[in-house]
Amino acid sequence: MKNVDFDWKPLALVPLLALLVLPFIGSSSTWVTLTIAGLAMGMIIFVIASGLTLVFGLMDVLNFGHGVFIALGAFVATSVLGAMADYTASGSLLQNLLAVLPAMVIAMLVAAAIGLAFERFIVRPVYGNHLKQILITMGGMIIGEELIKVIWGPLQIPLPLPEGMRGMVLLGDAAVERYRLLAVIVGVLVFGLLLWTLTRTKLGLLIRAGVQDREMVESLGYRIHVLFVGVFVAGSALAGLGGVMWGMYQQTVVPQMGAQVNVLIFIVLIIGGLGSTTGALIGALLVGLMANYTGFLVPKAALFSNIALMMAILLWRPQGVYALSK
Amino acid sequence: MIARLLSNDFPRNRILAVLLLVVVVTLALTPFVIPGIKALNVAAKVLVFIVLVASFDLLLGYTGIVSFAHTMFFGIGAYGVAIAFTRLGPTWPALAAGVAAALALSFVLALAIGLFSLRVRAIFFSMITLAFAAAFQTLASQLSEITGGEDGLTFKVPSVLSPSHEFSSEPFLGVSLDGRLLTYYLLFVTALVLVLALLRIVNSPFGRVLQAIRENEFRAEAIGYRVVVYRTTSAILSALFATLAGAMLALWLRYNGPDTSLSFEIMLDVLLIVVIGGMGTIYGAVIGSGLFVVAQSYLQDLLRIASEATSGLPWLSALLSPDRWLLWLGLLFVLSVYYFPTGIVGKLRSMRAASKRPPAAGEPRHSPALK
Amino acid sequence: MNESLLTLEGVHTHIGAYHILHGVDLQVPRGQLTMLLGRNGAGKTTTLRTIMGLWKASRGRITLDGQDITAQPTPQIAGRGVAYVPENMGIFADLTVRENMLLAARSAKNADQIDEQRLKWIFSLFPAVEKFWNHPAGKLSGGQKQMLAVSRSIVEPRELLIIDEPSKGLAPAIINNMIEAFGELKRSGVTILLVEQNFNFAKRLGDTVAVMDNGQIVHAGGMEELAEDEELQHSLLGLAL
Amino acid sequence: QSKGDIKIAHIYSRTGPLEAYGKQTQTGLLMGLDYATNGTMTVNGRKIVVIEKDDQGKPDVGKSLLATAYGDDKVDLAVGPTSSAVALAMLPVAEEYKKILLVEPAVADAITGDKWNKYIFRTGRNSSQDAASNAAVADQDGVSIATLAQDYAFGRDGIKAFKEALKKAKVVHEEYLPPNTTDFTAGIQRVVDQLKDKPGRKFIAVVWAGATPPFNALAAQNLKQRYGIDVATGGNILPAMVSYKQFPGMEGATYYYFGIPKNPVNEAMVAAHYKQFKSPPDFFTAGGFSAAMAIVTALKKTNGETDSNKLIAAMEGMSFDTPKGKMTFRKEDHQALQSMYHFKIKADPAFAWGVPELVREIKPEEMNIPVRNKR
Amino acid sequence: MSRLETRDLTIRFGGHVAVNAVTCSFEPGTLTAIVGPNGAGKTTYFNLISGQLKASSGSVSLGGRDLSGMSASERTHAGLGRAFQLTNLFPRLTVLENVRLAVQASRGGPHRRGLNLWSVWSDHRTLLQHADEILGSIALKDKEHELVANLPHGDQRKLEVALLMALEPQVFMFDEPTAGMNAAEAPVILDLIRRLKADRSKTILLVEHKMDVVRELADRIIVLHNGSLVADGEPAEVIASPVVQEAYLGLSPQDASGGTDTPPHPDLPPSGGRSKQP
Ligand SMILES: Nc1ncnc2c1ncn2[C@@H]1O[C@H](COP(=O)(O)OP(=O)(O)OP(=O)(O)O)[C@@H](O)[C@H]1O
Ligand SMILES: Nc1ncnc2c1ncn2[C@@H]1O[C@H](COP(=O)(O)OP(=O)(O)OP(=O)(O)O)[C@@H](O)[C@H]1O
Ligand SMILES: [Mg+2]
Ligand SMILES: [Mg+2]
């Protein structure tokens, strides 16, 4: 991968944005609070978007049903954590983790299993056709959401954060929620794993090639179909993980939560450029920061900050910050 | 005569022709043959959706632009009428002013969208319109001074169109001749004219160029068509028709709010109808809207019956509960993509085509080797 | 020697409602270069795609090395040592030339693991492949794409090489290189099946030849026999030029 | 027609975002009818039939359902809906058909305010009642209040009414955030910046409706310890009160909590609910129950007559028992005046949610709710 | 009479100069063949002339009119027409529809050209007739109602040329029109080109690798190599020139197939059969 010069400009966007707003915010402790909170938020967003970088970014499947896996992960977490109330109620972080980790693993497994079925029945007939993907995955989304209601009921369900993960850490005068710091760790792990898999193995290449010309990849002797299933399932599992993280952040889960984050994560991917993990990370960080800065400076505009950001980026680079050629 | 009206674009399939006739005749006679307020409401909604979906078909089916912002124009039309009536009172000039202002706003926005669609790749464009539509909806609910916010606007229409206006105290064929009936026929005629106009547009030389651009933009440019101009014109036309559909809706409901005309759900319904009906056919919009709106309106009732019938099987009954009607709607999405990839119109037409087509490839060609 | 590696017996293929192949019988002898000729629309491409499993044969039998491969999925057929270059070349336009080559080299995990000797040989045949190593393949010229497509099929040793119109769009100098390359491959024991329009090219290379028309093989035999019999050529191929 | 069934349409969100609320109302309505008729479901020999309709939370749907109910199903009166927007769209329909619409639980002031017509009654509380009761909780000399609300009509109106009801305390900052905010860091930061240096007691008064209220974010910031800032808000449904658990001592005013009112009706409802669902009744169950009590009381007064004018005459000024004690339909605007409850949160490990303990009952007379309709 | 001129026409892709300061003019009534190794810049040169690519520098003019600032569609209206090397059609429309669209684009004033929203296309019979004639001349008439996607490769190549004919341009640019065509079918195309040539008023540019075709048809040959124009003149003379013999035809007089292990310089096409046993 050393043959091509690495493009540093997009990476510089993040610190650039942070420095740019400093004079407007004035108080440096406020700025630190907002910046750290924003970056950590970005990491959470990255985790929930990471699955979609595989499914949409790499496989080019416009999966509107992706949100269902996020919701599913969160609902599974309510059940698992509910069953392990002793561990979550304890103030010890270690015990909390002993509950949260299994919740994550189980949520990922369940999401992966459902992902397998979703790929088979919903996505397989429509590879390569965006319009049909939109329709059929929308259908899948609605079905998934309704099934969640059938199983868990239509009510919002509280997902209390384990005792030891609550509260905040004071960095000087700036307060940062403890949970966000935890999310950063998860985010970094997911990012590292994805980056490694996609750049150090042929997997990423094969998927991209398969999207362009499935028949040719098969003619080269690869069972692209199996690969697609695998990647889709992995994407769903990551969405499940994202759901756990997001659910614990919100501390309540509703069946509609998947649909609520859908647009957000699509925006992150567009900013990042399809198929680029690093791009998605940058997109997520920018969105997280931007939300906090505009929320503080001009709360009215906070709503449109994502869209404005996306438009600005697309005017600069119409393919997103890291476009995979073309 | 009929050929002129239909712009030489015949249904090209007997079943399809019969279906179309059934839809049109039913809509024309609904007030007299299907009693009840609900039926009339459903029929009016069908009329509105026919125009809305047909206008979207121009954009999606003929031009190949996937935009999620179509309901935005629908909403602009509805809000135009609603705001005008609220502000200016229930008069005809108010209606004209509302529609005109809405059309103007739609024109400007569609122009911007049409031009922008060329800058970014198609899939990004659709995601951007998605975000835009969401932002527009939020904006509409935030500008509560003008739009009534989340609560929307309830307003009065010119008195001849309002239900309390009776043209004769004697019911005609058991139907009271009131303003509501007049409104219904106003919608009916408007829808008919607008659909025929769309049919004409897609069958004009312009419409054919749109199809070419959809198939191969690069080559269309190379043989001398300026893609920007065509795309933008199409985006604008489709937006204007959607705006009119919105105006029809507001006139019928005498209410408008963000959920009623701007919600993403409507966008989904429109997408689904286009696909079920058959993209790039216009006729698909008519058949699809008829089927879908009726099915959607009575789905809950049907489910209630089904759920009661299966009350012995609790899990099935839970799935068939009318509260889970969306589940079945979702299933409809999935199945329609499975079984109607080219829509009802496409399917019917290909049935005929397949039976008529000569054995193109296998037939003997003169060949020196096989003397 | 004359045992055939690939055999088609009475293969019929339908594409949708169309009946395209009407019982193709074809023998591709092991270690030889077989030319499949025929006018446009004769069904040559369809035959190759059917062999690769990209269209399903509706009747008949295809065997490779004695094994029935008729109903097998494409990757499995390719996995038996078949390399295929389709008519449209099947270049992954968004990937670089290097990445295209890497995907064709099934055993290599990254570009450094591709057999260096072989790569050098390919570079010497098709210099453009080396020159544009790190460029997106979609930007190559028509002929360069064709070179890349052929390079991909020979980046690793395969038992059977199937190429749809290898000479299309290539400059004469490169065609010479290609003829040389096929000769060398053949000497190393590779069996080759080519579809060609360029009879001069075909003549210089082919050991055996099959001519298709209208979804059937209408002539099969040695290349020399056909090359010498102008009348036959004329009646089969309508050579006018 | 006086001998046929009494048909009541209940139009509510069986599906849609407010599905959970609507279903509580329906449960309460049926339980209430059962209770009020002593299990007979008849008044004066006429059977009460409830027809359910799902407005999906959509105003246009609600509107045409109500017309269908009045016109096609020939119901005598209608109850509902869940959402204020739907209710507002429905009001003219009641007037067109000259039939009663008993609004429950939609809260917008305008329903019994400037959009009102004489066929509209409401058992549910209105926003002003919410605001006035919440103001009563914090309204003391020397108190500084910053408000935190959603940036749309509901939030802004709520804060406006809240401010109008305040007499002594001072509002030092109003923060409005987008309704679907998920990251509250910036908003809280702004509020805290305004509030932290004020002397005396300091409150953040929250008006928030929706799935992700800011309480967790507020709790995580430890504002009480760091700056001595308290959080105050109204009641909510039980799942939403889970996040209150992190604020032991938080005060506010609520419309209903099953443990608070002490009266036979409430006791009966709680018992019946436990029996049927093995869980306590919630916010909107009480509302539905109250609506049922209102209907049956009125029908008894008219001897089962369902003529709209007779019913209106019976209901204006009518008092009736509910799980929240006695309510009275005010003559001027047909709004049911009712008690609200000043509570203080206790974290009780036996409950998943923060338990609101009664501080005192705020009587209707105390609140002085303005009449906003023009009659 | 309008002649086509390019002046210092240059395009760079990053560091790579694909067409390098090509100055050349083409007279009506002549057929100029453009030859050169793969990747020499022939297609790119066409792209620059017809407007698919924007030149880094230099200009294109037709009949003295500067076309440099025009888009591809404007240049088509100005009289430039081209067929593409890699087939590029409207796959899900019928053969007839493809040609008719091209006829519509070229004929009947701006009003009828397609911005006409209100007439019905099938009423424009003259357009349909003309499209029919063109299909007849290229032996595709029996397939006029087939979808293009279902045509075999050779027929698609023919249709590619048919679209160009339908445009009735001043300048015809053919990019390997017979690539992948059977020897029995190619004459249809070649006949068409001959007929155009006989007309003596059209400017014809032809990129072709088949030297026998070039030899027969060309009035003049220009040679591109590494983006530069390296030879220009009478066919026989140019073909005999060393640059064509070596760089293009690969007929190096002294076949230096020694045994060097290093591959030749990538910029130079290898000579003859230098290769190693894999
Ligand atoms: N997808 C398809 N659908 C329908 N018919 C097809 C399809 N593909 C090919 N055909 C038909 O099959 C026949 C054989 O086509 P094929 O591509 O195999 O010919 P070919 O011999 O390779 O021709 P060429 O030399 O032009 O490449 C043709 O008549 C063609 O029209
Ligand atoms: N868009 C582009 N970006 C980068 N490089 C390009 C682009 N288009 C062409 N090139 C390069 O420019 C050179 C010239 O390409 P061109 O297609 O003009 O060749 P050609 O002479 O037509 O070759 P052929 O005979 O193979 O068709 C090639 O090396 C190609 O890789
Ligand atoms: Mg072929
Ligand atoms: Mg070329």
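Candidates are the residues of the stretch D:216-237 that are without any contact (Cβ under 8 Å) to a residue 24 or more places away in the chain and of a type outside the set (D, E, K, R); the one that is surrounded by the fewest Cβ atoms within 10 Å (Cβ to Cβ) is D:Gln225. Would you point out which residue out of E:Arg82, E:Arg100, E:Arg75 is in contact with a Gly (Cβ under 6 Å, 6 or more places away or on another chain), away from ligand 1 (no atom under 16 Å from the Cβ) and of a type outside the set (Ser, Thr, Tyr)? Of the residues listed, the single one that is in contact with a Gly (Cβ under 6 Å, 6 or more places away or on another chain), away from ligand 1 (no atom under 16 Å from the Cβ) and of a type outside the set (Ser, Thr, Tyr) is E:Arg75.
Scanning the stretch E:19-50 for residues that are of a type in the set (S, T, N, Q), more than 16 Å from ligand 2 (Cβ to nearest atom) and in contact (Cβ under 8 Å) with a residue 24 or more places away in the chain yields a count of 2.
Put simply, of E:Val103, E:Val120 the only residue that is touching a residue at least 60 places away in the same chain (Cβ under 8 Å), within 11 Å of another protein chain (Cβ to nearest Cβ) and either away from ligand 4 (no atom under 16 Å from the Cβ) or surrounded by fewer than 23 Cβ atoms within 10 Å (Cβ to Cβ) (or both) is E:Val103.
Scanning the stretch C:110-138 for residues that are within 15 Å of ligand 2 (Cβ to nearest atom) and free of Cβ contacts under 8 Å to residues at least 40 places away in the same chain yields a total of 9. The set of residues in the stretch E:168-194 being within 16 Å of E:Val35 (Cβ to Cβ) and at the interface with another protein chain (Cβ under 7 Å from one of its Cβ atoms) consists of E:Glu176, E:Ala179.
Inspect the stretch C:115-129 for any residue being within 16 Å of ligand 4 (Cβ to nearest atom) and either among the polar types (S, T, N, Q) or at the interface with chain E (Cβ under 8 Å from one of its Cβ atoms) (or both) and give the result as yes or no. Checked the stretch C:115-129: at least one residue is within 16 Å of ligand 4 (Cβ to nearest atom) and either among the polar types (S, T, N, Q) or at the interface with chain E (Cβ under 8 Å from one of its Cβ atoms) (or both).
Out of C:Met178, C:Met147, one residue alone is within 29 Å of E:Glu185 (Cα to Cα), open to solvent by less than 40 Å² (accessible area, probe 1.4 Å) and either at the interface with chain E (Cβ under 9 Å from one of its Cβ atoms) or assigned to a loop (DSSP other than H, G, I, E, B) (or both). It is C:Met147. All told, C:Asn198 meets the bar of being open to solvent by 30 Å² or more (accessible area, probe 1.4 Å), within 16 Å of ligand 3 (Cβ to nearest atom) and within 10 Å of chain E (Cβ to nearest Cβ). One residue stands out among those in the stretch C:103-114 that are assigned to a helix (DSSP H, G or I) and open to solvent by 10 Å² or more (accessible area, probe 1.4 Å): the one that is nearest to the other protein chains (Cβ to nearest Cβ), which is C:Ala111. Evaluated against (1) closer than 13 Å to C:Arg152 by Cα; (2) outside any loop (DSSP other than H, G, I, E, B), C:Gln117 falls short on exactly one condition, (1). Looking across the stretch B:105-124, the residues that are at pLDDT below 85 and either in a helix (DSSP H, G or I) or within 11 Å of chain A (Cβ to nearest Cβ) (or both) come down to B:Ile113, B:Gly114, B:Leu115, B:Phe116, B:Leu118, B:Arg119, B:Val120, B:Arg121, B:Ala122, B:Ile123, B:Phe124. Residues that are of a type in the set (Asp, Glu) and away from ligand 2 (no atom under 16 Å from the Cβ) within the stretch E:139-189 comprise E:Asp142, E:Glu144, E:Glu146, E:Asp155, E:Glu168, E:Glu185, listed in sequence order.
Elements of the type helices (runs of 4 or more DSSP H) sitting completely within the stretch D:184-289 and holding at least 2 residues that are touching a Ser or Thr at 6+ places or on another chain (Cβ under 6 Å) and at pLDDT below 90: these cover D:215-220. Of all the numbered requirements in (1) without any contact (Cβ under 8 Å) to a residue 60 or more places away in the chain; (2) open to solvent by 10 Å² or more (accessible area, probe 1.4 Å); (3) not assigned by TED's automatic domain parsing to the domain that holds E:Leu127, E:Pro91 misses one, and that requirement is (3).
Summed over the stretch A:308-326, the residues that are in a loop (DSSP other than H, G, I, E, B), among the aliphatic types (A, V, I, L, M) and within 7 Å of another protein chain (Cβ to nearest Cβ) give a count of 1. Within the stretch E:132-142, can you find the residues that are within 24 Å of the chain's Cα centre (by Cα), within 12 Å of another protein chain (Cβ to nearest Cβ) and on the phi < 0 side of the Ramachandran plot? Answer for the stretch E:132-142, where residues must be within 24 Å of the chain's Cα centre (by Cα), within 12 Å of another protein chain (Cβ to nearest Cβ) and on the phi < 0 side of the Ramachandran plot: just E:Leu140.
Inclusion of E:Leu53 among residues that are within 14 Å of chain C (Cβ to nearest Cβ), open to solvent by 40 Å² or more (accessible area, probe 1.4 Å), modelled with pLDDT under 90 and within 16 Å of ligand 2 (Cβ to nearest atom) is not warranted.
The one condition from (1) open to solvent by 10 Å² or more (accessible area, probe 1.4 Å); (2) assigned to a helix (DSSP H, G or I) that D:Leu91 does not meet is (1).
Every condition in (1) of a type in the set (S, T, N, Q); (2) part of a helix (DSSP H, G or I); (3) open to solvent by 40 Å² or more (accessible area, probe 1.4 Å) holds for C:Asn88 except the one numbered (2).
Close Cβ contacts (under 6 Å, 6 or more residues apart or on different chains) running from residues in the stretch A:247-273 that are within 13 Å of chain D (Cβ to nearest Cβ) to residues that are open to solvent by less than 20 Å² (accessible area, probe 1.4 Å) and of a type in the set (D, E, K, R) comprise A:Pro255/A:Lys149.
Entry remark, the stretch B:24-37: residues being surrounded by 19 or more Cβ atoms within 10 Å (Cβ to Cβ) and within 20 Å of the chain's Cα centre (by Cα) number 2 in total.
When the stretch E:56-73 is examined, which residues are found to be away from every other protein chain (no Cβ under 14 Å) and either under 17 Å from E:Val230 (Cα atoms) or more than 13 Å from ligand 2 (Cβ to nearest atom) (or both)? Listed by number, the residues that qualify are E:Ser57, E:Gly58, E:Ser59, E:Val60, E:Ser61, E:Leu62, E:Gly63, E:Gly64, E:Arg65, E:Asp66, E:Ser68, E:Gly69.
Residues of the stretch C:24-72 that are more than 14 Å from every other protein chain (Cβ to nearest Cβ), open to solvent by 20 Å² or more (accessible area, probe 1.4 Å) and aliphatic (A, V, I, L, M): C:Ala57, C:Ala71. How many residues does the stretch A:283-307 contain that are over 20 Å from A:Arg208 (Cβ atoms) and either away from chain D (no Cβ under 14 Å) or under 14 Å from the mean Cα position of the chain (by Cα) (or both)? Counting residues in the stretch A:283-307 that are over 20 Å from A:Arg208 (Cβ atoms) and either away from chain D (no Cβ under 14 Å) or under 14 Å from the mean Cα position of the chain (by Cα) (or both) gives 5. Scanning the stretch E:37-52 for residues that are near ligand 4 (Cβ under 9 Å from one of its atoms) and either part of a loop (DSSP other than H, G, I, E, B) or outside the structural domain of E:Leu249 (by TED's automatic domain parsing) (or both) yields E:Asn38, E:Gly39, E:Ala40, E:Gly41.
The values are calculated or read from the model by the stated rules, or taken from the named source; none is laboratory data. This is a predicted model, so every value here is computed, not measured. Here Cβ is always computed from backbone atoms with ideal geometry, including for glycine, and neighbour counts include all displayed protein chains. Areas reflect the complete protein model, heavy atoms only, side chains present, ligands, DNA and RNA absent. Shrake-Rupley method; radii C 1.70, N 1.55, O 1.52, S 1.80 Å.
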